[in-house]
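Trainee: I'd like to ask some things about the structure below.
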Ligand SMILES: *Cc1c(COP(=O)(O)O)cnc(C)c1O
């Protein structure tokens, strides 16, 4: 089976992890701050808070932005459930904004419409989570302009997008948002096995997230709410969690970051090759906005409706039977049973449903060989015209 995504682990990565195993600290040592600094520097952010997953990062990001009961969080339906669940963790309500039919990202026109309506109804969102699907950045300039007008805060879910650029600058530099979140799950671009990070240019948000990642406990006298009793003293000043990243994970991340730019460049080579090989097939290849340099976590094709006899499901099944580990990113979140119970109907977000009925993620990872890629294309040809 050729998987849709896969990590690359080198001898250097392994040595870096083993070195930590033989050191004094398996957790709460020097590697996590080093990894944070490395990512922050690479993407052009001032502060970084490493955690055990992007899901945790989204949670503490929303808490740091004071999302709570009676607030609304909006995001796209076409994302992993974590981009929406973070709102529910905070006791907020979640709603969605339909996607743009070309980029498959949250559509700024739809966002504007919904904001106008919400202003009339008195239920404007407090936080909008902009997800850079497959690594292609959202239209952040428009979203930022709307946030200035309507007063919501912006979290970029850049789980797919580390190493990608928007308007020529790395995603994560915070020019258009409050906080950006990365995932280091093995299918993503850079891995720490499990892991995530939140980056920001706001020192207050960074220290709040650092507090929340570790029980809400501080040893910093400046953060304490009363005088310390003595040098052993720590205070719990907020209700936090244990969302810490280990030193082993950070060491792997540091080692992987050395290859980030190469990883993304390789993904672009593969995407360009797919674009060429698929040009004559009845599929829509991913459109790239001229403002964007995608991280290319995913390569999503869409079947052209009505142009082929086999159904979307038949094409998908045929590819799986031929050993191609295709996937579908994503089942629109509002159609998940848990969300359906909140009253969402599938056709509340029609573009997302069109996308869902046509999209297929082909294998895309930096270790994919041209030979494997040719196998994928031949299998797709077979699946489309059996
Ligand atoms: C993978 C992913 C997450 C969650 O990442 P974890 O590190 O597995 O918690 C969140 N949002 C999106 C868009 C993702 O793809």
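Quick note: the coordinates plus some simple rules give every number you see, no bench work behind them. Keep in mind it's a predicted model, so treat the numbers as computed, not measured. All Cβ positions, even for glycine, are placed from backbone atoms using ideal geometry, and neighbour counts span all protein chains on display.
Trainee: Order by neighbour count: 123, 90, 138, fewest other Cβ atoms within 10 Å first, most last.
Mentor: Taking fewest neighbouring Cβ atoms as first place, the list is 123, 90, 138.
Trainee: While we're looking at this one, here's another question. Just rank 96, 344, 184, fewest to most, by other beta-carbon atoms within 10 angstrom.
Mentor: Ordered from fewest to most neighbouring Cβ atoms within 10 Å, 96, 344, 184 come out as 344, 96, 184.
Trainee: Note the angle between two axes, namely the Cα long axis of helix 260-277 and the longest principal axis of the Cα atoms of the chain, as a number of degrees from 0 to 90, rounded to the nearest 10.
Mentor: 20 degrees
Trainee: Now for a separate question. Hey, with R₀ at 30 Å, roughly what FRET efficiency would residue 26 and residue 66 work out to, going by the Cβ-Cβ distance, to 0.05?
Mentor: On the way: r = 34 Å, r/R0 = 1.12.
Approximately 0.35, to the nearest 0.05.
Trainee: Which whole-number percent gives the relative contact order of the chain, counting Cα pairs below 8 Å spaced six or more residues apart?
Mentor: 23 percent
Trainee: For helix 54-64, what angle does its Cα long axis make with the longest principal axis of the chain, in degrees from 0 to 90 and rounded to 10?
Mentor: For 54-64 against the chain, the angle is about 50 degrees.
Trainee: In whole percent, what relative contact order does the range 1-123 give with Cα contacts below 8 Å and a gap of six or more residues?
Mentor: Value for the range 1-123: 15 percent.
Trainee: Once both labels are modelled 7 Å past Cα along the beta-carbon direction, what's the residue 41-residue 382 spacing in nm?
Mentor: In this crude spin-label approximation the distance works out to 4.8 nm.
Trainee: So between residue 345 and residue 311, what do we pick up on full extension, going 0.36 nm a residue minus the alpha carbon distance? Numbers along the way, then the final one.
Mentor: On the way: separation 34, 0.36 × 34 = 12.24 nm, distance 2.33 nm.
The span from residue 345 to residue 311 would gain 9.9 nm if fully extended.
Trainee: Separate question: By how many degrees, 0 to 90 and rounded to 10, does the Cα axis of helix 140-150 deviate from the longest principal axis of the chain?
Mentor: So the helix axis and the longest Cα principal axis differ by about 60 degrees.
Trainee: Give me the Å³ per residue figure for the convex hull around the C-alpha atoms of the range 8-144.
Mentor: 140 Å³
Trainee: With a Förster radius of 51 Å, plug the Cβ-Cβ distance of residue 148 and residue 234 into 1/(1 + (r/R0)^6) and report the FRET value to the nearest 0.05.
Mentor: Efficiency computed from Cβ-Cβ geometry: 0.85.
Trainee: In nm, to one decimal, how far is the residue 291 label point from the residue 258 one, both placed 7 Å along Cα→Cβ?
Mentor: 3.6 nm
Trainee: A follow-up question, please. Can you give the extra length, in nm with one decimal, that the chain gains between residue 15 and residue 109 once fully stretched, where that is 0.36 nm per residue apart less the Cα-Cα distance?
Mentor: Roughly 28.9 nm would be gained on extension.
Trainee: What is the pair-distance distribution P(r) of the chain, computed from all Cα-Cα distances in 10 Å bins starting at 0, with each bin given as a whole percent?
Mentor: 5, 23, 31, 25, 12, 3, 1, 0
Trainee: 222 nm [θ] for the chain, helices only, -39500 (n - 2.57) per DSSP H run of 4+, per residue, to 500?
Mentor: -11500 deg cm²/dmol
Trainee: Here's something else I'd like to know. Over all directions, what mean area does the Cα convex hull of the range 314-386 project, stated in square nanometres?
Mentor: 6.1 nm²
Trainee: For each of 348, 13, 98, count neighbouring Cβ atoms within 10 Å of the residue's Cβ, then give the residues from fewest to most.
Mentor: By the 10 Å Cβ count, ascending: 348, 13, 98.
Trainee: I would also like to ask the following. So between residue 375 and residue 357, what do we pick up on full extension, going 0.36 nm a residue minus the alpha carbon distance?
Mentor: Length gained, residue 375 through residue 357: 4.1 nm.
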